[in-house]
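The block underneath contains the structure these notes are about, expressed in structure tokens.
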Amino acid sequence: MNIQNYINGKFMPPIANGWLDNYNPANGEVYGQIPNSSKEDVENAYIAAKSAFPTWSQTTLEERSRVLIKISELLEENLQQFAEAESLDNGKPVWLAKAIDIPRAASNFRFFGNAITQFASESHESIGHDAINYTLRQPIGVVGCISPWNLPLYLFTWKIAPALAAGNSVIAKPSEVTPMTAFLLSEICLEAGLPKGVLNIVHGLGTTTGQAIVEHPDIKAISFTGGTATGAHIAKVAAPMFKKLSLELGGKNPNIIFADSDYEDMLETTVRSSFANQGQICLCGSRIFVEVSIYEKFKTDFVKKVKTLRVGHPSEEKTKIGALASKSHLEKVLSYVDIAEQEGGKILCGGKRIGVLGYENGYYMEPTVIEVPSDECRVNQEEIFGPVVTIMPFNNEDEVLQMANKVKYGLSATLWTNDLKRTMRMSNQLQAGIIWVNTWMMRDLRTPFGGIKASGVGREGGFEALRFFTEAKNVCIKY
Ligand code: NAD
């Protein structure tokens, strides 16, 4: 199936007629083509967005909210179609897309459709000066949203919904690896009555289409989720133009397990936090540290459970691990198994590409657990972003804190303990934007979301996102 750009409320082929193959990761075959949009396509999108902005930014909050909630409802009505499309494009199990990705995309629109009606700004009375200051929060204008392939519609809408709610017009680019649900979303936006030009979706490579968005002098803000190296590049290009930037980047998150945790709950959740979505979630706990007194028991129980995870075709209900998103990504993940072996790591299970009967060219890999000799080895320091976790023991709190923090990333951390004082101490000291205690991936959309260090700059979520997508203007009135 071929897809098109969505510009000014219309479906359009790329001007220069550049196309890219779109692969089905479950069987390794090309199943469609997508535009590789050029600077000219982005310029067209910009012209449409610019002309839509004055009206959209002055549209009442009730009306903006109504349209966003309508989009949310239409996503829910088309759950099955969207879940199948997401799975076909990305390789994730259909049941997972149906349970998580698409419902969350719908929630993103509903949440920000509601949040904008509650968004308020401050006023400050300057006592003794007969003056009052108030803050106007105004939409920025035309903004750019660029998203990755791991949670395609989920992360795409996490940016678009607050940008639109705040009154901006948007040029958005999904990952070229997983463009399909963004394309289907364009159809839904038309049906929901989103005015033409308010949202424009351009498809293509990061180095062509993405780069053209970031380089465009009049696109005033960029919200980006993706790899750390890409984020650094975008920051460099955008800095001389003083663009507002939100960067949600890579992670190498510690999962710290103390002996006093609720063992069964911890074990069950740790399997999920290691391998959900084939381990391709920026929040996965990819470095597991276990208190030495329960290390051997945990290692045995964990590996036993991981070995039962069924790798299979994404459309099968019983599949726990689907295909990885692309061939190049599979190769990258596999290369880390070799690196681990060279570094003295012990592969406790998995480590290999596997063929699923009937789909031998699909990008499948066994869930892999590596016991590492040191927290400083490469597999423990670099983001692998696949079905691979490392494990090692620790002796005490100070030691594990030091190891947990000794990476360049700082996205999330998970802590398993029933000791309240330890929870408080460690939550203060762990270097991460998100700390989960006795749970993982429990998300409340009102909370600030983002990382520190090489995991990014800025926060998404709740009013933080609405603040990002508005400019604060102080008005001071002397009376
Ligand atoms: P990526 O950086 O390769 O690509 C992300 C997006 O940026 C894609 O749409 C791509 O086309 C575009 N892009 C690439 N080069 C560009 C350029 N020069 N200019 C503008 N756009 C460009 O990342 P990916 O491989 O798609 O995603 C995996 C990465 O995303 C991992 O590092 C993962 O940790 C990270 N991620 C982070 C979060 C978070 O919230 N922090 C969430 C999900 C994924």
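The values are calculated or read from the model by the stated rules, or taken from the named source; none is laboratory data. Everything quoted here is computed from the prediction, not taken from an experiment. When we count neighbours, we look across all protein chains shown, and the Cβ atoms used for this are built from the backbone with ideal geometry, even at glycine.
Taking the criterion of being in a helix (DSSP H, G or I) and in contact (Cβ under 8 Å) with a residue 24 or more places away in the chain, the residues of the stretch 333-350 that qualify are Val333, Leu334, Tyr336, Val337, Ile339, Ala340. For the stretch 369-420, taking the residues that are loosely packed, with under 15 Cβ neighbours inside 10 Å and charged (D, E, K, R), the one that is nearest to Gly458 (Cα to Cα) is identified as Lys408.
Check whether at least one residue in the stretch 277-288 is part of a helix (DSSP H, G or I) and within 12 Å of the ligand (Cβ to nearest atom), and report yes or no. Within the stretch 277-288, one or more residues are part of a helix (DSSP H, G or I) and within 12 Å of the ligand (Cβ to nearest atom). With respect to (1) part of a helix (DSSP H, G or I); (2) modelled with pLDDT of 95 or more, the lone exception for Gly197 is condition (1). Note on the stretch 173-194: residues that are near the ligand (Cβ under 8 Å from one of its atoms) and either assigned to a helix (DSSP H, G or I) or farther than 19 Å from Pro25 by Cβ (or both) total 1. Listed by first and then second residue, the pairs with beta-carbon distance under 7 Å, at least 6 apart or on different chains, first residue in the stretch 462-478 and free of Cβ contacts under 8 Å to residues at least 40 places away in the same chain, second surrounded by 11 or more Cβ atoms within 10 Å (Cβ to Cβ) and of a type outside the set (D, E, K, R), are Glu464/Pro448.
Among the candidates Ile34, Ile3, Ile15, the residue that is within 24 Å of the chain's Cα centre (by Cα) and part of a loop (DSSP other than H, G, I, E, B) is uniquely Ile3. Test Ala239 against the criterion of being without any contact (Cβ under 8 Å) to a residue 12 or more places away in the chain, near the ligand (Cβ under 8 Å from one of its atoms), in a helix (DSSP H, G or I) and among the small types (Gly, Ala, Ser), and give yes or no. No; evaluated as a whole, the condition is false for this residue.
The set of residues in the stretch 211-221 that are near the ligand (Cβ under 8 Å from one of its atoms) and among the β-branched types (Val, Ile, Thr) comprises Ile213, Val214.
Ser246 falls short on exactly one of the conditions (1) outside any strand (DSSP E or B); (2) touching a residue at least 24 places away in the same chain (Cβ under 8 Å), and that condition is (1).
Does Leu334 count as closer than 19 Å to Val177 by Cβ, buried (at least 22 other Cβ atoms within 10 Å of the Cβ) and under 25 Å from the mean Cα position of the chain (by Cα)? When the stated conditions are applied, Leu334 does not pass them. Screening Ile384 on (1) out of contact with any Lys or Arg (no Cβ under 7 Å at 6 or more places or on another chain); (2) more than 21 Å from Asn277 (Cβ to Cβ) shows it passes everything except condition (2). Residues satisfying the criterion are present in the stretch 57-75 (criterion: surrounded by 22 or more Cβ atoms within 10 Å (Cβ to Cβ) and farther than 24 Å from Val142 by Cα). Looking across the stretch 421-462, the residues that are surrounded by fewer than 18 Cβ atoms within 10 Å (Cβ to Cβ) and away from the ligand (no atom under 16 Å from the Cβ) come down to Lys421, Arg422, Thr423, Met424, Arg425, Ser427, Asn428, Gln429, Asn438, Thr439, Arg446.
Scanning the stretch 105-124 for residues that are surrounded by fewer than 19 Cβ atoms within 10 Å (Cβ to Cβ) and free of Cβ contacts under 8 Å to residues at least 60 places away in the same chain turns up Asn114, Thr117, Gln118, Ala120, Glu122, Ser123, His124.
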